[in-house]
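The values are calculated or read from the model by the stated rules, or taken from the named source; none is laboratory data. Predicted model, so just to flag it, every value in this text is computed and none were measured. So basically every Cβ, Gly included, is an ideal-geometry build from the backbone, and we count neighbours across all protein chains shown.
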Amino acid sequence: MYLSVKNIKQIKEAEIEGDKIVLYGPNGGGKSTLIHLALLVLDSISSSDIRHTAGTLIYYDHVINKRAFREDSSALLRFQTAGREYTIEVRGTKMMVDNAEYELFADRSEKIADVSLWHIDEGRAQYVGTRLCDFASIHIEENFAASVKCPQLAEKLYVPHEGGFGRVYYDMAQSGGSWISTRELSYGQRRFLAILAALHSGDFVFVENFEAGLHVDFMVELLEVAARTENTVVLETHSAFVVRRAPELGFRVYKVEGGTAKFVHDPKDVELFRREIQYLRLT
């Protein structure tokens, strides 16, 4: 995936590229703007009517909406799926695809690409479309409690616990020697399961506040799974650990601040973590 953005909200000019991406940087720097813009465009062209929650938007309109765009706002999204390359250009609130012009925020019956999208933050998981089964493969409640309806997906899922890893079937999960409702799992276990499901069933997976509720072992496991899946994964983080570990697994890290996104050539550069080091220093 390649995404370039100019003059949209706090982003003056930024480019990110890769199938596995980490966005790192201060609050208000524009990480969520990049994610929600990509979600807006991808949702606009998606041909799937399968949604996690009917009538809801996969992007947040308080993050990206018509007010975020000016006459000089522009974006370019390029990606490949099912053997075809797509290029979508945005100028103002107009979107150009295959020499045809559309209104970016308009409801349309015509759709362009069959893509499965996932968006997960610290509070909920949303998806459009599915790569597995011919129906909605999983239902996730607001608290991340999951009901897995697709056997092809269920066989890929598991939940870490102190005794190892437990299997998942429908709305039940193994914990030690017994089965419990997924609602009874801890917040971190429930969110781990939602992200794991997304990685195995989404063409595009966007996770904001990746580390929320996840112990370091959970983060390591999800990063390693994400590195193996054949899809596009974008993680937003404030974790220095993620910035250090992800490039070792093939992720490209960008620091988003000051209206732009800079590729991090050396994730071991201590200057990246200057504030963390400053506050953790023992005196």
Do you know which residues across the range 159-181 are surrounded by 14 or more Cβ atoms within 10 Å (Cβ to Cβ) and either in contact (Cβ under 8 Å) with a residue 40 or more places away in the chain or acidic (Asp, Glu) (or both)? Pro160, Asp171
Out of contact with any Gly (no Cβ under 8 Å at 6 or more places or on another chain), within 29 Å of Leu196 (Cα to Cα) and either surrounded by fewer than 14 Cβ atoms within 10 Å (Cβ to Cβ) or not aliphatic (A, V, I, L, M) (or both), is that true of Lys66? no
Could you check the range 72-100 and list, in sequence order, the residues that are farther than 14 Å from Lys6 by Cα and hydroxyl-bearing (Ser, Thr, Tyr)? Thr81, Tyr86, Thr87
Filter result for Glu122 (loosely packed, with under 15 Cβ neighbours inside 10 Å, part of a loop (DSSP other than H, G, I, E, B) and modelled with pLDDT of 90 or more): yes
May I ask you to say which residue of Val264, Val225, Val207, Val233 is over 11 Å from Val22 (Cα atoms) and among the β-branched types (Val, Ile, Thr)? Val225
Selected residue (only one of Leu23, Leu3, Leu57, Leu76 is surrounded by fewer than 20 Cβ atoms within 10 Å (Cβ to Cβ), in contact (Cβ under 8 Å) with a residue 12 or more places away in the chain and in a strand (DSSP E or B)): Leu76
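Can you confirm whether Arg228 is of a type outside the set (Ser, Thr, Tyr) and modelled with pLDDT of 95 or more? Lay out the reasoning, then the answer.
Working: of a type outside the set (Ser, Thr, Tyr): yes; modelled with pLDDT of 95 or more: yes.
Yes.
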